[in-house]
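The values are calculated or read from the model by the stated rules, or taken from the named source; none is laboratory data. Not measured: the values here are computed from a predicted model. When we count neighbours, we look across all protein chains shown, and the Cβ atoms used for this are built from the backbone with ideal geometry, even at glycine.
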Amino acid sequence: MNFERYSGNPILSPNPANEWENLVTTNAGVWHDEESGKVYMLYRAAGDDFEHRIHLGLAVSEDGFNFERTSDQPVFSPIDDNFDGGCAEDPRIMKIGDWYYITYAYRPFPPRQYWLPENYPYYIPPSPEEFPISMKQSLTGTGLLMTKDFKKFLRAGRVTSPLVDDRDVYFLPEKVQGKWWMIHRPMQWAGEGYDTEYPTMWIASGDDMLDCRESQILITAKYDWETKIGGNTTPLKTEHGWLTLYHAVGRDKLYRVGALLLDLEDPRIVRHRTPNWLMQPETPYENEGYYEGVVFPCGKFVKDGKLFVYYGGGDKHVCLATCDFAELMDHLVACPA
């Protein structure tokens, strides 16, 4: 089976009226409030400034299809001279009690427009040899935000080591075995000395969200559409396991999307895994962006028996795909791990 694209895609695109989002609006995390029916979307946004500083914007929808920006300003931005001084991007959202917990990727320095040959892979400013590696290499890390209203945000701290380039990070939305579980993708943990040729998904646990350090590989590249692998969406609890989506970059450099079901009692165990991708880049808004050939989900929810998947297209737009949730679960449960 495959996901079905919404006919109104892209559902959010760069806004020429706002300097901070006139170039990029993509990779959105979402939360569906079942009581009000509203869908809150935090999206990655950047303008055409030379440094390419990346912010988070907020849009809200009454139906999950049509979104309106809540402001002409970002709701969250990097702070100069801070560990996340360069960017805040790719949010994943979960809610526990009255608080929303949001993981986000950051860098100490803005990456500049990384898709341009002269800037690729990312801008790294000159620095003394004595600088910490996170500053010296402008490594990507992941931080945790907390909010009750998407207006005021608390920087809770870093959830990944500053010594490793580590993103595609999110948590199970509740404790299992009395611990928090974090899925992450440490770039350097691949190759010689590791049980994976390519960077991949790891799962870590700990007593505190800011201290999940006991880590092991969750999956490795297995199918011909997979090399580098990373997690995508906060796990959803189902009767068959924790449902999460993941992306894999193929040898053709295209990003494709698959799905996993993790054991409810021990999320280190993968019970089911799609052998074939559920979505690949096919449309102009996925193939003609700044990073071509990308479908990259950061948020999902189930409403009226339908799975809504919000994904970035071409590192430029926010797009939507859906599928029948029961059909997806039947398909996935029939797939071996």
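Quick grid of which residues meet (1) surrounded by 15 or more Cβ atoms within 10 Å (Cβ to Cβ); (2) of a type in the set (S, T, N, Q); (3) free of Cβ contacts under 8 Å to residues at least 60 places away in the same chain:
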residue: Glu34; (1), (2), (3): no, no, yes
residue: Tyr40; (1), (2), (3): yes, no, no
residue: Leu56; (1), (2), (3): yes, no, yes
residue: Arg69; (1), (2), (3): yes, no, yes
residue: Asp84; (1), (2), (3): yes, no, no
residue: Cys87; (1), (2), (3): yes, no, yes
residue: Tyr104; (1), (2), (3): yes, no, yes
residue: Leu116; (1), (2), (3): no, no, yes
Given (1) in a strand (DSSP E or B); (2) within 22 Å of Glu239 (Cα to Cα), number of the condition Asp330 does not satisfy
(1)
Can we say Ile96 is under 22 Å from Tyr170 (Cα atoms) and crowded, with 19+ Cβ neighbours inside 10 Å?
no
I need a count of the residues in the stretch 173-198 that are within 24 Å of Lys237 (Cβ to Cβ), crowded, with 16+ Cβ neighbours inside 10 Å and not charged (D, E, K, R).
7
Within the stretch 94-149, residues assigned to a loop (DSSP other than H, G, I, E, B) and either in contact with a helix residue (DSSP H, G or I) (Cβ under 6 Å, 6 or more places away or on another chain) or of a type in the set (A, V, I, L, M, F, W, C) (or both) come out as Pro108, Phe109, Trp115, Leu116, Ile124, Ser127, Phe131, Leu139
Filter result (under 21 Å from the mean Cα position of the chain (by Cα) and part of a loop (DSSP other than H, G, I, E, B)) within the stretch 39-65
Gly47, His52, Arg53, Gly64, Phe65
Residue check, Asp324 surrounded by fewer than 18 Cβ atoms within 10 Å (Cβ to Cβ), in contact with a Lys or Arg (Cβ under 7 Å, 6 or more places away or on another chain) and either under 28 Å from Ser205 (Cα atoms) or without any contact (Cβ under 8 Å) to a residue 12 or more places away in the chain (or both)
no
Of (1) surrounded by 23 or more Cβ atoms within 10 Å (Cβ to Cβ); (2) of a type in the set (A, V, I, L, M); (3) closer than 18 Å to Glu286 by Cα, Met201 fails just (3)
Being of a type outside the set (A, V, I, L, M), part of a loop (DSSP other than H, G, I, E, B) and either over 15 Å from Asn27 (Cβ atoms) or free of Cβ contacts under 8 Å to residues at least 60 places away in the same chain (or both), is that true of even one residue in the stretch 295-302?
no
With the checklist (1) touching a helix residue (DSSP H, G or I) at 6+ places or on another chain (Cβ under 9 Å); (2) surrounded by 24 or more Cβ atoms within 10 Å (Cβ to Cβ); (3) of a type outside the set (Gly, Ala, Ser) in hand, flag the one item Gln73 doesn't pass.
(2)
Restricting to the stretch 171-201, name every residue that is part of a loop (DSSP other than H, G, I, E, B), under 13 Å from Cys212 (Cα atoms) and of a type outside the set (Gly, Ala, Ser).
Leu172, Lys175
Per the filter on the stretch 281-293, residues free of Cβ contacts under 8 Å to residues at least 60 places away in the same chain and surrounded by fewer than 18 Cβ atoms within 10 Å (Cβ to Cβ) are Glu282, Pro284, Asn287, Glu288, Glu292
Has the stretch 52-61 got any residue that is in contact with a Lys or Arg (Cβ under 6 Å, 6 or more places away or on another chain) and over 25 Å from Leu154 (Cβ atoms)?
yes
First in the stretch 150-166 and more than 21 Å from Val75 (Cα to Cα) and part of a loop (DSSP other than H, G, I, E, B), second anywhere and among the acidic types (Asp, Glu) and at pLDDT 95 or above, Cβ under 8 Å, 6 or more apart:
Thr160/Asp166
Quick one: how many residues across the stretch 226-276 are outside any loop (DSSP other than H, G, I, E, B) and of a type in the set (S, T, N, Q)?
2
Only one of (1) within 26 Å of Gly231 (Cα to Cα); (2) assigned to a strand (DSSP E or B) fails for Pro14. Which number is that?
(2)
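Which residue out of Ala259, Ala248 is among the hydrophobic types (A, V, I, L, M, F, W, C) and under 21 Å from Asp165 (Cα atoms)?
After applying the criteria, what remains is Ala248.
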